Amino acid sequence: MSTILLATIGKRDPFHEGEPTGPLRLARETTPDRALLVATEAVRPQAEATAAELQALGIEVAIDILDDLRRGVPDLAVSVSDLLLAGRDLVRRHPELKEAEVIACFTSGTPQMSTAFTLVVRSLLPDARHFQALDPSQTIREPLREFDPDILGHLDARDRTLESLARGDAAAAAASGVPLLHLPSQVPPPWDQKALKAAVTIAEALAAVENYQRQWLAQLAANIPARAGGVDLAGLKAWLQQAANDDLAWGAELGACFLRLDSLNRPTQAVLVAATAAEVLLTAGLRQCGIDPDDIRDPARLPSGFSEVDLMPIDGGRWRIEGAQRRAKLLEALSPDYRRAVETHAGETLRARLAGARNDAVHKGRQVPSESLEAAKAYLEILAAAVGAPAPSSLPTAPSSLGALVQPWRS
């Protein structure tokens, strides 16, 4: 890809007090293939002198005079609105700018030219790199410096990323954060990039949970560092890796996902995830008791009270138990811990309320009532405890835990 220097020209170009001004200084340091100089008629001689210096460096040069782009416009050199239109016309006249790597320097010319052309290039050539040239007599550091004209927008996006993650809004956090990991500018951002990348990866992992993309969870968890920005992430990383490989952990993590969705006031999605979490935990609990409800080969092993009506035949002379209600009934018969939860905490009532809300939402399009969400929250807690899974509210991915995790990165 070719490189094009795009620069405005002012009265002091190409030299001031023996020092090269911005366009020439940038050209000497970056050696672009071509240069496009933008000037008013009043400084045409300075533009031509700058062009001669650049041509001596082997750079192909073109000069565009603003007065020709916006004929008859008074005060063109100081009118930001008219300079914006001239800049738009300039980019249209030079479509090669969109096919090249553009390096821009607008510190020569009037302050209004600098403002207008920075805005034009930021809008129409978003991958361009921006440089400013400081007066060498007024700086003790490098007088030519790259800067990011979008830095305020990027900082705002960084803040939105962290705020969204703290709320448990994984999709919003990833949407704000992913573009910040691929900024074209070579200027180091004013934030801890490792911490931001960790936040984005955590958000992508939580989004995978929300979308039941368990197959991606292990790789996403592996990409989370053990520590970033002074925050210990080892526990969160280990937990997500466990959820990717262990059914009890996966069910508990779905429970935490329910809590995140509930806190975001997304009741229908929340109750659907809660119902799935309950089935995962019930199934994992049954397997701990020695019965796989998806692969029953000897119905005689089932406790009394289960008949053929509770079994669905599948290929190979095998059966499965269909539905959360039947699986809960079987777990109650097999697990003393779950039986106590049902008897002591009205577990079956809570489960039925969750199932009813889920069915009403799916089959009737009804709104999920708040009491059903509370029932779901209570049921998942007692179910997790009964089958030996961690409580969803205690997990590092629960909303309160995420808020505490992100806080150090927000300063």
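The values are calculated or read from the model by the stated rules, or taken from the named source; none is laboratory data. Bear in mind the structure is a predicted one, so any value in this text is a computation, not a measurement. Note that each Cβ is placed from the backbone with ideal geometry, even for glycine, and that neighbours are counted across all protein chains shown. Areas reflect the complete protein model, heavy atoms only, side chains present, ligands, DNA and RNA absent. Shrake-Rupley method; radii C 1.70, N 1.55, O 1.52, S 1.80 Å.
Worth a mention:
- Full-extension gain in nm, Thr3 to Thr31, via 0.36 nm per residue minus C-alpha separation: 9.2 nm
- Between 0 and 90°, nearest 10: helix 111-124 axis offset from the chain longest Cα axis: 40
- Förster-model FRET efficiency, 22 Å R0, Glu48 and Arg70, C-beta, rounded to 0.05: 0.60
- Where the Cα pairs of the chain fall when distances are cut into 20 Å bins, in %: 23, 34, 23, 17, 5, 0
- Percent carbon-and-sulfur accessible area, segment 55-190, ignoring ligands, DNA and RNA, probe 1.4 Å: 51
- Per-residue HN-Hα couplings for segment 97-109 [Karplus 6.51, -1.76, 1.60; θ = phi - 60°; Hz; x = Gly/Pro]: 4, 7, 9, 10, 7, 9, 10, 10, 9, 10, 8, 8, x
- For the chain, the tally of Lys pairs with Cα-Cα distances below 25 Å comes to 5, considering only residues 8 or more apart or on different chains.
- Calculated FRET value between Ser304 and Asn245, using beta carbons and R₀ = 25 Å, to 0.05: 0.10
- If you take the Cα centroid of segment 1-55 and the Cα centroid of segment 145-217, the two points sit 38 Å apart.
- The length gained by stretching the chain between Arg122 and Gln55 to full extension, at 0.36 nm per residue less their Cα-Cα distance, is 21.4 nm.
- Label-to-label distance, nm, for residues given as Ala226 and Asp292 (7 Å Cα→Cβ offset): 3.5
- Percent accessible area from carbon and sulfur atoms, segment 268-411, protein chains only, probe 1.4 Å: 49
- Length gained on full extension, Glu163 to Ala218, computed as 0.36 nm times the residue gap minus the Cα-Cα distance: 17.3 nm.
- In the chain, the longest principal axis of the Cα atoms and the axis of helix 234-245 are about 60 degrees apart.
- Percentage of interatomic Cα-Cα distances in segment 68-130 larger than 13 Å: 60
- Relative contact order of the chain, pairs being alpha-carbon contacts under 8 Å that are 6 or more residues apart, as %: 12
- Helix axis angle, 151-167 relative to the chain longest principal axis, alpha carbon, degrees: 10
- Note on Ala238 and Asp135: with the Förster distance fixed at 45 Å, the Cβ-Cβ geometry gives a FRET efficiency of about 0.25.
- Here the simple spin-label model places points 7 Å from the Cα toward Cβ, and for Arg320 and Ala346 these points are separated by 3.3 nm.
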